[in-house]
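Report on the structure given below.
The values are calculated or read from the model by the stated rules, or taken from the named source; none is laboratory data. Source: prediction; values computed, not measured. Methodologically, a virtual Cβ is constructed for each residue, glycine included, from the backbone with ideal geometry; neighbour enumeration extends over all protein chains shown. We work out accessible area using only protein heavy atoms, side chains counted, and drop any ligands, DNA or RNA first. Shrake-Rupley method; radii C 1.70, N 1.55, O 1.52, S 1.80 Å.
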Amino acid sequence: MAQRRVSISTWQAKSSQRRSVSITYSSCDYDGEDDHHSKSKSYSEEPNMNRQKQNFTHDRKFGSTFSHLRTFDNSEEFLSDQEQKFQEKRKLYIQTVLQKLLNTDLKVDDVPHIGLMGSGGGYRAMVAMSGIINALYDTHILDYILYTAVLSGSSWFISTLYSHPEWPNIHPKDIQNQLKNDISKNPKSISKILTYGWDWFCKKWNGKSWNITTDVFGPMLGDVLIPKRMSCRWSEQRDKLSEGTVPLPLLSAIHAKEEKNTKEFHEWVEFSPYEVSIQHYGAAIDMTNFGSKFDKGLLTQRFDEIPLFEIMGICGSAYTLTHEELLNKDSTNFKTVEKSADPIRIHETNDIEIDSQHSINEGYYSENDDVFDEEDERYGFHQSNISTPSIEELAEMEELFKRICQIRKQEGRKFEEETNGNENDDFNDEANVNRGISQFMHSCSLEGDVEIDGAFDYPKTVVMEQCMKTRRHRAAMVNNPFWNVSFDETDSACRQGKPTSSPKNLMKNDLEKLCLIDAGLAFNSPYPLLFQPGRDVDLILSFDFTDRKKDSNEPFKTLLTAEDWARKHDIKFPKINVDMYEGKDVQELYVFEDENDPECPIIMHFVLVNKDFRLFKKPGVERRESEKENCEFANFTIYDDQKTFHCTNFQYSEENFDRLSQLSEFIVLNNTGQIEACIKKSIKNKQKRQKHERKRHVSSPV
């Protein structure tokens, strides 16, 4: 990979010369030996920079254009100018490496659009994704990929990878090793906050404007995963994309309503280093303006861009599900057994209409099992399954609280808004600390019969049920860039990108804040991001880490949901025939395609299963008989355990990290031949489409 290092360093130098505003790695705090980093002014030396306000006044009235919104027609012009330029350079890069693979000339127009996709699954997804990136890097398959779309746990690794100041001039294994060290030593504080820390933090921040995602979970997550880069911003990764030598990373969340089920209302939100967009409304803002205030499409008050660790918190906030969603998870489960081409049709009322040739097996499929559901009650948050924390645990929580306040102070956020007279609270004051502990101890022992097994287990008290009726204080609330922009037939934005939803499901134009949560609460793979006009994916390498409850359970839940979504939006998607796999052992890889339709993308569905890894050290290299019998390292399950690799486990031993990451790496290496075969087939499909001058998409998904 030496050639890659030389080319990257070259474009970094040129980039700073040709851009009027150069965003360099210097704003990411990192203790390195490189002169560029050591001489850069650290973020902590520039107080009050982040979240600073800047007011804007406009002389002209609001008209048919929005000076700080980019609007686009949902059937075309989805890609920003920046993404189009990236795509051009990336395809030239891919053309070069593919010609070596194929040992033949290849036109740029024949370069397939390949998307890498990772599902949610907490640290399980993050650790597995680290092994997958290692394998794709070593086999050069990563060089063929145009987009990387991730959500929840997968987004944590991609964020950690791309924000590293040396990426892509460093092997991902080096970043992986640092991550392994960080999460093996991480105290169990994250689990504690998600179990019994909620009430404690409510009292500590009583009367102040806050939410657990961006003010507690995000800082904790960042402090573990990117501790030396807490001031990093997602937009700063643009420079790493400027020569097209790495895929474009896309993070995802959904916009939801505080008290409404995501089945009734949700809108996909995309975070690329270039923009934040809600495709539903055909509108986007520059990533650097994420968090600033807008009015009628105009930037009125600028805040510095929301830090990356807060976005990581948003992307992984599965705990924001409501009580109704928790109760309805199993009641709406379904499995399709398709006998015809007609898909299941789910209406807005959540009634399920099934063709006479379909059947339902209750209790199998839901939107996302990687959130805390009733079945988790048996396992609970296994690290903290107690009703009252000990004095030592309270002391640890106090230290954690101080660290979070320190992070907020460094970010220039001292709860200055909506303080309600508590702005002079001294969180280090011993009297306040003791009072908070006393109040929390009292709240944990109401009538002596309140048992808290987990903050988001099935509610055992009326208090918990009331708490989960709304996402308030749990979900991230950010300034709405579309405030006072009405999305209706008469609005200029809508003439460019008219939403297809009924008026009752449109965003209210007086909505000052957006409620952003984990996209896995819609469904657990970010297919909508890759199926946008202009991205036109020909091949998807989809890695699914969704909880199956048992290793032997069929792994098609998320894939079937994606198929149903695609059919609703008239998007080409291969037929997912699950009948042929019923009763068979779970495989590492399933390939779905429509051999009669070159316009239909190929889906490579990779599954987390310990099958061949038990028997082979490397693909084709068997373990010795003595190793097979005595090798505890390779003899493990992922989902049968429901503890070690459960999505609520926020501390991995180095051995368990190596087990999971090496398993996922093995799965990729074990199937490189099939990946290369599908790449060649996607090239042929693209050539057939071009011969008939066909276009992939008619309209964009919403």
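Please go through region 558-585 and pick out each residue that is open to solvent by 40 Å² or more (accessible area, probe 1.4 Å) and part of a helix (DSSP H, G or I).
Arg567, Lys568, Asp579, Met580
Can you list the strands (runs of 3 or more DSSP E) lying wholly within region 586-702 that have 1 or more residues being of a type outside the set (Val, Ile, Thr) and either under 18 Å from Gly122 (Cβ atoms) or modelled with pLDDT of 95 or more (or both)?
Correct list: 589-592, 602-607.
What number of residues in region 184-199 are modelled with pLDDT of 70 or more and in contact with a helix residue (DSSP H, G or I) (Cβ under 6 Å, 6 or more places away or on another chain)?
2
Could you run through region 80-118 and say how many residues are in a helix (DSSP H, G or I) and among the aliphatic types (A, V, I, L, M)?
7
Matching residues to (1) out of contact with any Pro (no Cβ under 7 Å at 6 or more places or on another chain); (2) buried (at least 16 other Cβ atoms within 10 Å of the Cβ); (3) farther than 27 Å from Gly115 by Cα; (4) of a type in the set (A, V, I, L, M):
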residue: Tyr639; (1), (2), (3), (4): yes, yes, no, no
residue: Gln642; (1), (2), (3), (4): yes, yes, yes, no
residue: Gln651; (1), (2), (3), (4): yes, yes, yes, no
residue: Ser661; (1), (2), (3), (4): yes, yes, no, no
residue: Ile667; (1), (2), (3), (4): yes, yes, no, yes
residue: Asn671; (1), (2), (3), (4): yes, yes, no, no
residue: Ala677; (1), (2), (3), (4): yes, no, no, yes
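Name the strands (runs of 3 or more DSSP E) wholly inside region 197-307 in which the number of residues that are open to solvent by less than 10 Å² (accessible area, probe 1.4 Å) and of a type in the set (Asp, Glu) is 2 or more.
267-271
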